[in-house]
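Sharing a structure below in structure tokens format, with a few things to ask.
What follows is calculated from the coordinates using simple rules that are stated; it is not laboratory data. From a predicted model like this one, the values you see are computed outputs, not experimental measurements. Backbone-built Cβ (ideal geometry, glycine too); neighbour counts: all protein chains shown.
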Amino acid sequence: MKKKLKNIWLWLDDRGGFSDLIKPLKTHLVPPGSTWNYVWGSATLFCLIIQVITGIALGFLYQPSADVAYQSLQYIENQAFMGSFIRGMHNWGASGMVFLMGMHMIRVYINAAYKYPREMSWITGVVLMAITIVMAFTGQLLRWDNNGVWSAVVAAEQMGRIPLIGDSLAYFLLGGDTINGETLNRFFAMHVFLFPALLFLMVIYHLYLVFKNGISEPPKVGRLVDPKTYKKWYEDMLLKKGVPFFPDAIWRDAVFSALVLVVIVCLAWFVGAPALSDAPDLTNVNANPKPDWYFTWIFALFALMPMQIESYVMFLGPLIGVILIFSIPFLSKGGERSPLRRPWAIAGVIFIVLTISSLWYVGVQEPWSPRFDAKPLSEYTTVPNASPEVKKGIELFNTVGCIYCHSIGDDGGIRGPNLSDVQNRLTREQMVIRIVNGAENMPAYGGSLSKEELDAIVSFLETQYKTPNKGN
Amino acid sequence: MMACNCEDQQTEEDFKKAVDRRGFLTKITIAIGGFIGTVLAFPLITSMLDPVTRKKSVNWREIGDVNEFKENEIKMVSFENASPYEWSGKIAYSAAYIRREENNKFTAFSVNCAHLGCPVRWEADAELFMCPCHGGVYYKDGSRAAGPPPRGLYTYPIRIVNNQVEIETEALPITNISS
């Protein structure tokens, strides 16, 4: 029996060539010491595999049609067996892919693995990053809740800033000159067919390059890359000290990928995908479209940029960024690879990570957004024993929108300054002038408030919190 | 002897011929490949462009009786876009803010913020339009009051026919770099 099975296997292997298929893996030599720092790329690829599988699973349940997509998502989330978990996996798999890709890129940059002869690996990697970002954005739209449709509008508006062809590109993206029945199909076709096809082609080419040029050896201080001698040196080094990729190196990829899987499963199970907002409806203006976490920093950038340069930054920023990233392997071709000898590279990475992190932090806070749901001030908690005029001022503070942007104590928005002790900073006249004339980021109320109303608000601002025992 | 010489000469000639032939075959294969690629790209491009280029009618939509709009007030209305698809569902509708002033003067503001298109909310007591995304604010006449928008709110064409207020369906307003 055992012999028979063995014969079957031998026949299959002889005619099917299975051993030959993995032979390149077993004979492919990698430099010794390519250890835990080399797992980021394979973990990104592993996330892509998760995305393909959970994506196909979602494809069996999702209806890509403008009128019912939202219902089918409700079904996936609330009724389908494990549906919510599958959606969670797809969501966190995407997050993992974006995050690990970022780590992979930082690792490659810090170790200067993009230098001769691996320039094309860097370039295809940047293309892969661009496609992944497109996938993340189009996927977010397929939720097709109110947030999703308004995000499509925001994307079209960003396209609109491109000179000359902006309008055409925006309407091309939407599939018509408004959001319509074709908009969802278009994003669906892009997310499920077009960009995955491009992604697979690029991944295959990226991997082919890894095999062709070999994995970059861990950098050593003082060992310079010289394009004239590098290839021969690398091959000699591999022959002398190289270890087979399978299994000497791949076991770490397997272990790390398994870890990634555990984390994604836990996040999918315990946190899940973002909750769906209202049904898609462009006549429902009570939407607050906000992108998923990986775009929050760009969202913050749009709020914080000076108005005069914003349109140019929106168009030129990504353009210059892409050109700069593409040109990295051509700006620094050979020479030192060790991060210890490239302090500016490390400084640059730290600078970019800090910039994105701080933008991300304010993006989560959204200090610039009016707080439509701010808790109205109550006259008793704010000013005990208030005069009728002050009471009127408190009421106006709530109704005319002051509270959306200004806090009193802990209640209210944070766009403008906290006004709890404004009476110590501004005189009555200064307050009046500010309210009537507004400022760069404050509307002028001169046209809408009557003299009495204005007096009432200022009286309130002057009185509040004057009592020493303000804790009462 | 003769045959041998002939054979040698022939081989050389054959070789030359074969090389020429190979060059020709390479060219023709590339040309055929290009032709196939062009033919196959055609359906992809046309299907992507169809929704963008299809003919759309310009429509005036009734949005209510003149008396439904009070003077010096702003009211939100919804109307059907031009040429919706049968499967558009609720997405076929857009919204606008209608402002009525004295002397039957009507203005229709787009609900899309001129910054990045988010929906602005009309805060009646504050007499301001406010955007939740990045804090854009507009006055009741649609002009920019505060925040990042580079211009005021967009407007739709509006008219009154037989005491009915009508709004013209228009493309989603897109702010350009020169705005």
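Can you give the Rg to Rh ratio of chain B, both from alpha-carbon atoms, with Rh computed by the Kirkwood formula?
Numbers: Rg = 32.3 Å, Rh = 21.4 Å.
Result for chain B is an Rg/Rh of 1.51.
Exactly which GluC sites (Glu not before Pro) in region B:49-116 are in a DSSP loop and have at most 15 other Cβ atoms within 10 Å? It would help to have the intermediate numbers written out before the result.
Working: sites: B:Glu62, B:Glu68, B:Glu71, B:Glu73, B:Glu80, B:Glu86, B:Glu101, B:Glu102; in loops: B:Glu71, B:Glu86, B:Glu101, B:Glu102.
Loop-located and lightly packed - B:Glu71, B:Glu86, B:Glu101, B:Glu102.
Given R₀ = 45 Å, FRET efficiency for A:Trp293-A:Met237 by Cβ-Cβ distance, to 0.05?
Details: r = 42 Å, r/R0 = 0.93.
Step by step, r from the Cβ atoms, then E = 0.60.
Have a look at B:Arg21, B:Arg121, B:Arg159 and tell me which one the Gaussian network model of chain B (Cα, springs below 10 Å) gives the largest fluctuation.
B:Arg21
What residue among A:Leu10, A:Ala69, A:Ala80 has its Cα farthest toward the positive end of the dipole of region A:1-140, where the charges are +1 on Lys, Arg and -1 on Asp, Glu, each on the Cβ?
A:Leu10
Check which residues have an amide H placed less than 5 Å from B:Ser83's amide H, if you skip close sequence neighbours.
Here the answer is B:Ser57, since their amide H atoms fall under 5 Å of that of B:Ser83.
Taking the Cα centre as origin and putting +1 on Lys and Arg beta-carbons and -1 on Asp and Glu beta-carbons, what dipole magnitude results for region A:114-240, to the nearest 20 debye?
That gives region A:114-240 a dipole magnitude of about 820 debye.
What is the magnitude of the charge dipole of chain A about its Cα centre, with +1 placed on the Cβ of each Lys and Arg, -1 on the Cβ of each Asp and Glu, and no other charges, expressed in debye to the nearest 20?
Values: 39 positive and 36 negative charges, 594 e Å.
Result for chain A is approximately 2860 debye, rounded to the nearest 20.
Sticking with this one: How big is region A:220-361 in terms of Cα radius of gyration and Dmax, in angstroms?
23.0, 70
Determine one quarter of the surface area of the Cα convex hull of region A:31-365, which equals its mean projected area, and express it in nm² to one decimal.
On the way: hull surface 74.6 nm².
Answer in nm², one decimal: 18.6.
Would you mind classifying region A:286-411 by shape? Square roots of the alpha carbon gyration tensor eigenvalues, ordered a ≥ b ≥ c; an a/c under 1.5 is rounded, otherwise it is prolate if a/b is larger than b/c and oblate if not. The partial results should precede the final answer.
Details: a/c = 4.34, a/b = 2.90, b/c = 1.50.
It is prolate, given that a/c is not under 1.5 and a/b is the larger ratio.
Taking a threshold of 32 Å on the Cα-Cα distance, which of the pairs A:Lys115/A:Lys241; A:Lys3/A:Lys241; A:Lys232/B:Lys27; A:Lys391/B:Lys105; A:Lys375/B:Lys105 fall above it? Please report the intermediate quantities before stating the final value.
Values: A:Lys115/A:Lys241 22 Å; A:Lys3/A:Lys241 39 Å; A:Lys232/B:Lys27 36 Å; A:Lys391/B:Lys105 37 Å; A:Lys375/B:Lys105 37 Å.
Table pairs above 32 Å Cα-Cα are A:Lys3/A:Lys241; A:Lys232/B:Lys27; A:Lys391/B:Lys105; A:Lys375/B:Lys105.
For region A:1-109, what does the equivalent ellipsoid look like in terms of its semi-axes, each the square root of 5 times an eigenvalue of the Cα gyration tensor, given largest first in whole Å? Display every interim value, and only then the final one.
Values: eigenvalues 280, 143, 24 Å².
They are 37, 27, 11 Å, listed from largest to smallest.
Among all the lysines, which ones have a C-alpha under 24 Å from B:Lys56's C-alpha, if same-chain residues fewer than 8 places away are not counted?
Cross-link targets: B:Lys90.
For chain B, modelled as a GNM with alpha-carbon contacts under 10 angstrom, which of B:Val161, B:Val58, B:Val19 fluctuates the most?
The residue with the greatest mean-square fluctuation here is B:Val19.
Kindly flag which residue pairs out of A:Lys23/A:Lys333; A:Lys26/A:Lys333; A:Lys220/A:Lys240 have an alpha-carbon separation exceeding 26 Å in this structure. Spell out each step's value before the answer.
Working: A:Lys23/A:Lys333 33 Å; A:Lys26/A:Lys333 31 Å; A:Lys220/A:Lys240 18 Å.
Beyond 26 Å between Cα atoms: A:Lys23/A:Lys333; A:Lys26/A:Lys333.
Right, something else. Averaged over all directions, how much area does the convex hull of the C-alpha atoms of region A:219-282 cover when projected, in nm²? Please report the intermediate quantities before stating the final value.
On the way: hull surface 41.6 nm².
About 10.4 nm², averaged over all directions.
I would also like to ask the following. Residues with amide H under 5 Å of B:Gly64's amide H, sequence separation 5 or more or different chain, H placed in the peptide plane at 1.01 Å from N; which?
Excluding prolines and chain starts, which carry no amide H, the hits are B:Val165.
Where does the charge balance sit around A:Gly242 when Lys and Arg score +1, Asp and Glu -1, over other residues with C-beta under 13 Å from its C-beta?
Details: positive: A:Lys26, A:Lys240, A:Lys241; negative: A:Glu217, A:Glu235, A:Asp236, A:Asp248.
Residues near A:Gly242 contribute -1 overall.
Quick one: dipole size for region A:379-463, taken about the Cα centre, charges +1 on Lys/Arg Cβ and -1 on Asp/Glu Cβ, in debye to the nearest 20. Each step should come with its number before you reach the end.
On the way: 7 positive and 12 negative charges, 33 e Å.
Charge dipole, region A:379-463, about its Cα centre: 160 debye, nearest 20.
Say the dipole of the protein assembly as shown comes from +1 at the beta carbon of Lys and Arg and -1 at that of Asp and Glu; which of A:Val192, A:Val126, A:Leu359 then lies farthest toward its positive end?
The Cα lying farthest towards the positive end belongs to A:Val126.
Report, by chain and number, residues whose modeled amide H sits under 5 Å from the one on A:Gly412, excluding near sequence neighbours (fewer than 5 apart, same chain).
A:Lys375
Here's a follow-up. Return the single residue from B:Tyr97, B:Tyr138, B:Tyr85 with maximal mean-square fluctuation; model: Gaussian network over chain B, springs between Cα atoms under 10 Å.
Evaluated over chain B, the most mobile residue of the options is B:Tyr85.
Any idea which of A:Ala258, A:Pro280, A:Met237 is furthest toward the positive side of the dipole for region A:186-299, if Lys and Arg beta-carbons carry +1 and Asp and Glu beta-carbons -1?
Sorting the options by dipole projection puts first A:Met237.
Restricting to DSSP H runs of at least four residues, report the calculated mean residue ellipticity at 222 nm for chain A, -39500 (n - 2.57) per run over all residues, nearest 500 deg cm²/dmol.
Details: 21 runs with 290 residues, N = 472.
The helix-only estimate for chain A comes to -20000 deg cm²/dmol at 222 nm.
How high is the relative contact order of chain B, given as a whole-number percent (alpha carbon pairs under 8 Å, six or more residues apart)?
Result for chain B is 18 percent.
Show me the three semi-axes of the equivalent ellipsoid for the protein assembly as shown, from the C-alpha gyration tensor (sqrt of 5 times each eigenvalue), largest first, rounded to whole Å.
Details: eigenvalues 684, 216, 122 Å².
Largest first, the protein assembly as shown gives 58, 33, 25 Å.
Once you average over the residues of B:135-141, how many Cβ atoms of partner chains fall within 10 Å of each Cβ? Mind showing how you got there, number by number?
Values: counts 12, 6, 9, 1, 6, 2, 1.
Per residue, the number of nearby Cβ atoms from other chains is 5 on average.
Would you compute, from DSSP H runs of 4+ residues alone, the mean residue ellipticity of chain B at 222 nm, taking -39500 (n - 2.57) per run and dividing by the full residue count, rounded to the nearest 500?
Numbers: 1 runs with 52 residues, N = 179.
Rounded to the nearest 500, the figure is -11000 deg cm²/dmol.
Sticking with this structure for a sec: May I ask you to give the average projected area over all directions of the convex hull of the Cα atoms of region A:379-463, in nm² rounded to one decimal? Before the final figure, lay out the partial values.
Working: hull surface 20.2 nm².
Spelled out: convex hull of the Cα atoms, projected over all directions, averaged, 5.1 nm².
For region A:18-62, state which chymotrypsin sites (Phe, Trp or Tyr not before Pro) are in a DSSP loop and have at most 16 other beta carbons lying within 10 Å of their beta carbon.
Answer by residue number: A:Phe60.
Looking only at other chains, what is the average number of their beta-carbon atoms within 10 angstrom of each beta-carbon in A:413-421?
On the way: counts 1, 0, 4, 2, 0, 0, 0, 0, 0.
Across A:413-421, the average partner-chain Cβ count within 10 Å equals 1.
How would you rank A:Phe187, A:Phe245, B:Phe15, going from fewest to most other Cβ atoms within 10 Å of each one's own Cβ? Don't skip to the answer; put the middle values down first.
Values: A:Phe187 24, A:Phe245 21, B:Phe15 10.
Fewest to most other Cβ atoms nearby, the residues stand as B:Phe15, A:Phe245, A:Phe187.
Only helices at least 30 Å long along their own axis, judged from Cα atoms, and with Kyte-Doolittle mean hydropathy of 1.6 or greater: name those in chain A from DSSP H.
Details: long enough: A:83-110 (40 Å, 0.64); A:119-141 (34 Å, 1.49); A:307-331 (34 Å, 1.78); A:343-365 (33 Å, 1.63).
Membrane-span-like by this criterion, though nothing is claimed about a membrane: A:307-331, A:343-365.
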